[in-house]
Amino acid sequence: MRWRSFVAVGDSFTEGMNDTYENGTYRGWADLVATRLAAEAGPDFGYANLAIRGRLFPNVVAEQVPVALEMRPDLISFAAGGNDVLRRSFDPDTLVARFDEVVRRLRADGADVLIFRFADVMARLPGQRLVAPRVAVLNRAVGETAERHGAMMVDLFADGEFLNPVLWSDDRLHLSSAGHRRVAAHVLTTLGVECDPEWLLVPPRPAPTPWLAARGADLRWAGRHLAPWVKRRLTGRSSGDTVTAKRPLLGPLTD
């Protein structure tokens, strides 16, 4: 087995929202990947997940990257920037330059590094005309950085199945359990590791919603999810302010 340790770095995408365990914590694609890699490597396989929801790119780099490097794992996943593209202060040139530098640092000690082109989440969210070009800039930088530094790229944007709303949770921003399984399948395929074929199965797309019912659903979504997000922006708060990493130490999955 090529990898005996895996550290996941990032935000809510990597933390696993909204793929919930029975105890209320989140599983997500990274836990699924770690479980599969551990089955190949044996009980000595180590896994840490440092990701915390709501983290902006600079916070991920400052708080998580040094910790991941100290662990000296065989495999690191790095996914950040999704929260940044939603901010008015987004600076694409700065983020792209920093992204390249971070991947270079992660690769410097010989670790294999996974980076991601984001799926098209904006199809069902407001602000598409503003945010979609920003996501395109970030996705383009991911491909260029992967080639420049020999990182492994997981291209979720190229998978049109992510336009299926069933792969997203009710908040329209985070993946559903089915979405996380599909991401895990893409990651394992990129790594050359066999995955559970059921993880690639996609539920049928729901029938089109009549216009009036769709507008009602939009209003309910805005009240339940958009309004709290706007309030946090106005008050300088984050959904992850009181959250700590779910697996801050590199260790076996049985701990």
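The values are calculated or read from the model by the stated rules, or taken from the named source; none is laboratory data. What you are looking at is a predicted structure, and each value in this text was computed from that prediction instead of being measured. The accessibility values were calculated without ligands, DNA or RNA, using every heavy atom of the protein model including side chains. Shrake-Rupley method; radii C 1.70, N 1.55, O 1.52, S 1.80 Å.
How large is the Rg to Rh ratio of the stretch 97-160 when both quantities use alpha carbon positions and Rh follows Kirkwood?
My calculation of the ratio gives 1.04.
As a test of the definition: which semi-axes, in Å, follow for the stretch 178-222 when you take the square root of five times each eigenvalue of its alpha carbon gyration tensor? Largest first, please.
For the stretch 178-222, the semi-axes come out at 34, 12, 6 Å.
In a Gaussian network model over the chain where Cα atoms closer than 10 Å are linked, find which of Arg105, Arg117, Arg88 has the largest mean-square fluctuation.
Judging by the Gaussian network model, the answer is Arg88.
Report Asp109's accessible area, 1.4 Å probe, all protein chains in place, as a number in Å² to the nearest 10.
Answer for Asp109: close to 100 Å² accessible.
Carbon and sulfur atoms: what percent of the 1.4 Å accessible area of the stretch 131-255 do they account for?
The computed percentage sits at 60.
Where the centre of each part is set by its Cα atoms, how far does the stretch 230-245 sit from the stretch 135-182, in angstrom?
Value for the Cα centre distance between the two parts: 24 Å.
Using a 1.4 Å probe, what is the accessible area per residue for the chain, in Å²?
For the chain, the solvent-accessible area averages 50 Å² per residue.
What percentages make up the Cα-Cα pair-distance distribution of the stretch 21-127 when the bins are 5 Å wide from 0?
Per 5 Å bin, starting at zero, the Cα-Cα P(r) for the stretch 21-127 comes out as 2, 9, 18, 22, 20, 15, 9, 4, 1, 0 percent.
If you roll a 1.4 Å probe over the stretch 41-98 with all protein chains in place, what percent of the accessible area is carbon or sulfur?
About 49 percent, which is the carbon plus sulfur part of the accessible surface.
Students sometimes get this wrong: rank Trp229, Trp29, Trp168 by accessible area, probe 1.4 Å, all chains present, largest first.
I get Trp229, Trp168, Trp29, largest accessible area first.
Give me P(r) over the chain, computed from all C-alpha to C-alpha distances, binned every 10 Å, as integer percentages.
Result returned by the calculation: 7, 31, 38, 19, 4, 0.
Only Cα pairs within less than 10 Å get springs; with that Gaussian network setup on the chain, which residue of His225, His174, His149 has the largest fluctuation?
His225
If I build a Gaussian network model for the chain, linking alpha-carbon pairs within less than 10 angstrom, which residue out of Thr94, Thr244, Thr145 has the largest mean-square fluctuation?
Looking only at Thr94, Thr244, Thr145, the biggest GNM fluctuation is shown by Thr94.
State the Kirkwood hydrodynamic radius of the stretch 170-255 in Å, one decimal place, computed from all pairs of distinct Cα atoms.
Kirkwood hydrodynamic radius for the stretch 170-255: 16.9 Å.
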